[in-house]
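*Asks:* Quick one: the structure is below, questions incoming.
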Amino acid sequence: MRFKLLEPTEASYYIQIGGYIHIEPWRLPATVWPAGADSDRSKRVGSGAFTDWFDLGKYAGTKLHGQLSRAGGIAEFPNITANFVASTNSPTRKVVIELATAPDESAVVKRFEESFTGSLTSFLVSPFLVADKDRLETAAQMSTRRLAWAREASGGRRVSPSRLVIQTQFWDPQRPELNLQEAEVLWLLGFNVLNRWPEVRQKYDFVDPGGHHWVQFGPSLTREDIDNQIRPPAQATRAAPRPTLFNFSDEITSPAIDTDKTALRHFHAWLQEQNVRPAELEVKALGDVVPIESPAMLGQRQKQDPKVANRIFYYTARFRQAAATERLRWLTESFHRYAATNIRTSSLVADHPYFSGSGLGMGMDEPNMAWGGHPLSLDWFDLARQRAVDVIGIEDWMGLQYMYGPRYTWEGFQLMGFQAAIFRSGSRGTQPIIAWITPSDETNLVLKSSSALAQGAKHFFYWTYGPTATSTENYWSDLRGAYDGVVRMSRQLASAEHIIAPGATRRTRVALLYSISSDLWQPWGYIHMLERRATYLSLVHDHYLVDMLTEEDVAAGRLKEYDVLYAVDPNISARATAAIEQWVRDGGYLFGSCGAGSRDEFNEPGPGLARVFGIEPAVRSEVHRAEYRVRGSLNGIGYFDLVRLDKTSLLGEPAEFGVLGVRVTFTPAGSRVIGRFKRNNAPAAVLNEFGSGKAVYMGACPGLSYLKDAGFVPAALKERYPLTQRQLLTGMAAARGVLRLVELSHPVVEAGLYDAPAGTALILANFTYRPIEALTVRVPLAKPIQVVRSVEHGSLRFSREEASPAFRGQGYDSVAVFTTRLRHNDIFLLE
């Protein structure tokens with residue numbers, strides 16, 4: 001490439017060259033052309049003359065990549081920055097830039113000529129110059145194109161919520177006039193929180209982010225340490241006109257103890273607070289306990305004494321999680337002591353190690369494929385319970401066709417809702433949640449957002465605008481479909497925020513056990529985590545709202561608020577097991593699969609819930625190891641047996657489903673056999689009357705079968721969930737008479753409800769992926785309404801029915817009934 005400065009005239013000049021690429025290390029090194037001209041004036045070039053040829057291939061080497069498809073955009077070539085430093089003090093530049101296949105004028109393939117304010121420009125390049133020449137643009141051309149897209153998507157009119165956050169981020173600044181064009185793009189799309197440069201701040205009324213600090217929250221820190229750490233950045237904040245977020249670190253996990261003496265002292269004090277006896281760990285004093293912080297260390301210590309090693313490993317992990325939560329809460333408390341008002345603390349939990357194998361543990365088999373190593377997750381439930389930060393962030397690296405692709409899409413976009421449901425459940429609906437959504441076209445963005453919104457996430461951070469040419473990864477400025485999706489969501493939220501912002505999610509009587517013990521030990525590998533999520537999805541697909549309860553929640557007595565509990569975790573603590581047993585005895589309905597409750601929190605086999613299920617304590621688990629962690633991977637894993645279920649009042653008509661993952665051999669003890677394995681006719685499912693309650697135990701993983709028979713397509717949204725497994729999984733809730741959140745004529749449409757003084761907002765997300773022309777909706781209501789309005793289609797005709805006795809028992813006196821069209825999503829306002 002070579003350069004020519006046309007204006008200012010009668011000047012000498014040189015070029016400061018840099019560049020952005022979309023592979024590591026993300027940037028090209030800064031250099032000067034002609035070489036040495038920054039310090040030696042004699043090497044500079046006069047106006048109107050070309051520089052010598054600069055060998056871009058030699059400069060960038062293997063980092064000079066072609067166009068990528070990491071966001072589906074069109075500006076994913078390397079972007080070369082050129083700052084024209086002239087001897088004349090002029091506010092403008094007129095320049096020519098030529099790209100050639102050889103250092104010769106006859107080999108020129110692409111020529112840029114532009115005039116601009118300032119001295120900086122940039123332009124796209126490609127190692128395949130001849131083939132790509134028509135797609136290479138200057139920064140100005142890119143900004144002009146994006147602004148045209150935004151005007152088209154928005155109709156030239158901004159609509160934005162005022163009480164809910166819609167945030168994104170700029171990367172590096174360009175020229176002021178380009179920065180203003182990019183800001184107009186985001187203004188039209190409806191964003192209300194954005195980091196701003198001076199010229200943007202003067203023109204647009206975005207709210208600035210509250211700030212960011214890479215906080216330390218390791219177990220060695222004291223309350224005073226935390227206070228001293230956060231005071232300076234908190235005091236540096238400025239009051240905002242509307243709520244905004246100050247972020248702690250990023251993708252947080254639990255810091256290690258290592259050999260820090262203070263951290264060890266805190267660990268030993270925590271053991272004493274938990275009433276752990278030294279004899280249990282075979283030490284004379286708790287101060288002698290040496291923590292176990294990795295699977296490798298655990299394996300070594302198990303050779304000495306497996307029982308003691310298991311206990312120390314469990315207590316170490318739980319201390320690290322508890323200590324991190326406590327210190328994050330201290331950070332929030334201290335921040336509010338010193339910071340400007342109207343700024344809320346926030347942090348982001350890491351989803352890719354979570355979904356890729358660690359769960360709320362650290363992964364026991366191999367380094368996490370999406371993270372590296374064995375990071376110990378925080379206890380997300382405890383973060384919510386203690387409100388450790390004001391607004392918790394959930395994130396989405398579920399790319400499908402974008403950047404990280406189907407390998408990181410797992411079971412699909414309803415996992416955004418699954419994450420939100422964890423924090424909604426842990427906080428009993430009081431934890432504000434912000435969903436960070438990575439590059440998505442309109443369909444994907446709307447589905448991800450709506451699933452999160454349905455489960456309690458009211459705020460959104462669309463990570464991140466870019467623009468692409470100055471960004472590293474996960475940018476969407478050049479993904480045209482994202483514009484339509486953001487406009488759709490911002491307008492829906494603006495229309496519904498008078499209900500959603502102050503609104504509360506409804507209560508449910510359906511609980512799903514989330515055993516952190518199981519995630520720590522992972523005796524079946526990834527299988528129980530997949531079974532848990534599949535069970536959750538089956539219930540949501542049948543329009544039940546699901547609360548997730550940890551062992552601590554169960555031991556604390558929260559089960560009394562629920563009628564049905566689903567348990568698919570092999571490890572359940574002794575205290576939680578006792579509480580579940582009493583709850584079933586008192587009338588609760590329990591559904592168990594995947595070897596539920598066959599081990600305790602220390603990974604020791606035991607009687608667990610055997611008495612409740614009506615089986616002998618000793619069970620044998622046949623685990624089929626395979627790659628369960630990748631979207632569509634179940635397609636290549638064959639069923640190794642079949643379960644045949646009888647007709648029952650609880651689970652309905654006779655049914656069959658395939659067995660994969662885990663097959664549990666057990667012996668009934670007073671229970672009724674309601675299903676058998678085809679392979680040897682051994683009992684596969686039993687129904688047990690226990691006290692006033694009932695329990696069903698399945699020696700297989702019906703949830704995995706639900707996912708496998710859905711037939712996931714790795715790079716497309718085409719799964720079709722089967723009816724058989726969904727009916728047997730949701731049969732306990734139906735038989736117990738638990739009310740659905742709403743009643744819909746079509747399954748696999750996710751629903752969420754917010755109630756507020758102004759009315760009720762119903763969120764629907766269509767995970768059938770096909771338009772539904774006539775969806776009948778029945779919404780229970782506690783007070784009369786005058787209108788039903790779709791934010792997409794306007795006012796709808798509706799009828800009012802008297803509530804059933806079951807609804808009346810829950811405080812609802814009527815049911816609103818209406819029919820609507822549903823494409824991807826919608827929000828309905830019942831006022």
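*Asks:* Being of a type outside the set (K, R), open to solvent by less than 40 Å² (accessible area, probe 1.4 Å) and either at pLDDT 95 or above or touching a Cys at 6+ places or on another chain (Cβ under 6 Å) (or both): is that true of A107 here?
*Replies:* Numbers: of a type outside the set (K, R): yes; open to solvent by less than 40 Å² (accessible area, probe 1.4 Å): yes; either at pLDDT 95 or above or touching a Cys at 6+ places or on another chain (Cβ under 6 Å) (or both): yes.
Taking the combined requirement at face value, the residue satisfies it.
*Asks:* Is it the case that L729 is over 30 Å from L634 (Cβ atoms), modelled with pLDDT of 95 or more and in contact with a Gly (Cβ under 8 Å, 6 or more places away or on another chain)? Steps first, please.
*Replies:* Details: over 30 Å from L634 (Cβ atoms): no; modelled with pLDDT of 95 or more: yes; in contact with a Gly (Cβ under 8 Å, 6 or more places away or on another chain): yes.
So L729 does not fit the description; no.
*Asks:* State all residues of segment 141-179 that are β-branched (V, I, T) and open to solvent by 60 Å² or more (accessible area, probe 1.4 Å); if no residue qualifies, say none.
*Replies:* Just the residues of segment 141-179 that are β-branched (V, I, T), to begin with: 144, 159, 165-166, 168.
The answer is T144, and nothing else.
*Asks:* Follow-up. Of all residues in segment 783-831, which are assigned to a loop (DSSP other than H, G, I, E, B) and open to solvent by less than 60 Å² (accessible area, probe 1.4 Å)?
*Replies:* Scanning segment 783-831 gives I785, V787, V791, A803, S804, G811, Y812, D813, H824, E831.
*Asks:* Given the residues R676, R599, R631, R663, which is the only one that is in contact (Cβ under 8 Å) with a residue 24 or more places away in the chain, charged (D, E, K, R), in contact with a Pro (Cβ under 7 Å, 6 or more places away or on another chain) and open to solvent by less than 30 Å² (accessible area, probe 1.4 Å)?
*Replies:* Numbers: R676 fails: open to solvent by less than 30 Å² (accessible area, probe 1.4 Å); R599 fails: open to solvent by less than 30 Å² (accessible area, probe 1.4 Å); R663 fails: in contact with a Pro (Cβ under 7 Å, 6 or more places away or on another chain).
The conditions single out R631.
Residue-by-condition table, conditions (1) within 22 Å of the chain's Cα centre (by Cα); (2) under 28 Å from P780 (Cα atoms); (3) modelled with pLDDT under 95; (4) surrounded by fewer than 23 Cβ atoms within 10 Å (Cβ to Cβ):
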residue	(1), (2), (3), (4)
W521	no, no, no, no
S538	yes, yes, no, no
L565	no, yes, no, no
P570	no, no, no, no
A574	no, no, no, yes
R585	no, no, no, yes
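*Asks:* Just checking, does segment 249-268 include any residue being of a type in the set (S, T, N, Q), in contact with a helix residue (DSSP H, G or I) (Cβ under 6 Å, 6 or more places away or on another chain) and open to solvent by less than 40 Å² (accessible area, probe 1.4 Å)? Don't jump to the end; show me each part of the working.
*Replies:* First, the residues of segment 249-268 that are of a type in the set (S, T, N, Q): 249, 253-254, 259, 262.
Subset that is in contact with a helix residue (DSSP H, G or I) (Cβ under 6 Å, 6 or more places away or on another chain): 254.
Right, trim to open to solvent by less than 40 Å² (accessible area, probe 1.4 Å) and you get 254.
Among the residues of segment 249-268, at least one is of a type in the set (S, T, N, Q), in contact with a helix residue (DSSP H, G or I) (Cβ under 6 Å, 6 or more places away or on another chain) and open to solvent by less than 40 Å² (accessible area, probe 1.4 Å), which makes the answer yes.
*Asks:* Related question: I'm trying to understand the selection: among the residues of segment 277-304, which are acidic (D, E), part of a helix (DSSP H, G or I) and exposed (fewer than 15 other Cβ atoms within 10 Å of the Cβ)? Before you say what the answer is, go through the steps one by one.
*Replies:* Taking segment 277-304 as the starting set, the residues that turn out to be acidic (D, E) are 280, 282, 288, 293.
From the residues that got through so far, the ones that are part of a helix (DSSP H, G or I) too are 280, 288.
Within segment 277-304, D288 is the sole residue that qualifies.
*Asks:* Another question, then. I'm checking my understanding of the structure. Among residues of segment 698-717 that are touching a residue at least 40 places away in the same chain (Cβ under 8 Å) and in contact with a Phe, Trp or Tyr (Cβ under 7 Å, 6 or more places away or on another chain), which one is most open to solvent (accessible area, probe 1.4 Å)?
*Replies:* Selected residue: L717.
*Asks:* Which one of the conditions (1) touching a strand residue (DSSP E or B) at 6+ places or on another chain (Cβ under 8 Å); (2) polar (S, T, N, Q); (3) without any contact (Cβ under 8 Å) to a residue 40 or more places away in the chain does T168 fail to meet, given that it meets all the rest?
*Replies:* (3)
*Asks:* How many residues does segment 655-691 hold that are modelled with pLDDT of 95 or more and part of a strand (DSSP E or B)?
*Replies:* The number of residues fulfilling the criteria is 23.
*Asks:* Can you tell me which of (1) open to solvent by 40 Å² or more (accessible area, probe 1.4 Å); (2) under 41 Å from the mean Cα position of the chain (by Cα) is the one S87 doesn't meet?
*Replies:* Unmet condition: (2).
*Asks:* Also, I was wondering about something else. Of the residues that make up segment 222-235, is at least one closer than 17 Å to T345 by Cα, buried (at least 22 other Cβ atoms within 10 Å of the Cβ) and out of contact with any strand residue (DSSP E or B) (no Cβ under 9 Å at 6 or more places or on another chain)?
*Replies:* Just the residues of segment 222-235 that are closer than 17 Å to T345 by Cα, to begin with: 226-235.
Filter again for buried (at least 22 other Cβ atoms within 10 Å of the Cβ), leaving 226, 230, 234.
Cutting the leftovers down to out of contact with any strand residue (DSSP E or B) (no Cβ under 9 Å at 6 or more places or on another chain) gives us 226.
Yes, some residue in segment 222-235 is closer than 17 Å to T345 by Cα, buried (at least 22 other Cβ atoms within 10 Å of the Cβ) and out of contact with any strand residue (DSSP E or B) (no Cβ under 9 Å at 6 or more places or on another chain).
*Asks:* If you don't mind, there's one more thing I want to ask. Any idea which of (1) within 23 Å of A388 (Cα to Cα); (2) open to solvent by less than 60 Å² (accessible area, probe 1.4 Å); (3) of a type outside the set (D, E); (4) touching a residue at least 60 places away in the same chain (Cβ under 8 Å) is the one Y315 doesn't satisfy?
*Replies:* Unmet for Y315, out of (1) within 23 Å of A388 (Cα to Cα); (2) open to solvent by less than 60 Å² (accessible area, probe 1.4 Å); (3) of a type outside the set (D, E); (4) touching a residue at least 60 places away in the same chain (Cβ under 8 Å): (4).
*Asks:* Find the strands (runs of 3 or more DSSP E) located wholly in segment 1-57 whose residues include 2 or more that are of a type in the set (S, T, N, Q) and either within 48 Å of the chain's Cα centre (by Cα) or within 22 Å of T88 (Cβ to Cβ) (or both), and list them.
*Replies:* Values: elements: 2-7, 12-20, 27-33.
Result: 12-20.
*Asks:* Within segment 51-77, which residues are closer than 18 Å to E137 by Cβ and of a type in the set (A, V, I, L, M, F, W, C)? Before you say what the answer is, go through the steps one by one.
*Replies:* Restricting attention to segment 51-77, the residues satisfying the condition of being closer than 18 Å to E137 by Cβ are 56, 64-77.
Residues satisfying the conditions are L56, L64, L68, A71, I74, A75, F77.
The values are calculated or read from the model by the stated rules, or taken from the named source; none is laboratory data. The structure presented is a predicted model; accordingly, all values stated were derived computationally and were not measured. Glycine also receives a Cβ, built like all others from the backbone with ideal geometry; neighbour counts cover every protein chain displayed. Surface areas here come from the heavy atoms of the whole protein model, side chains and all, with no ligands, DNA or RNA. Shrake-Rupley method; radii C 1.70, N 1.55, O 1.52, S 1.80 Å.
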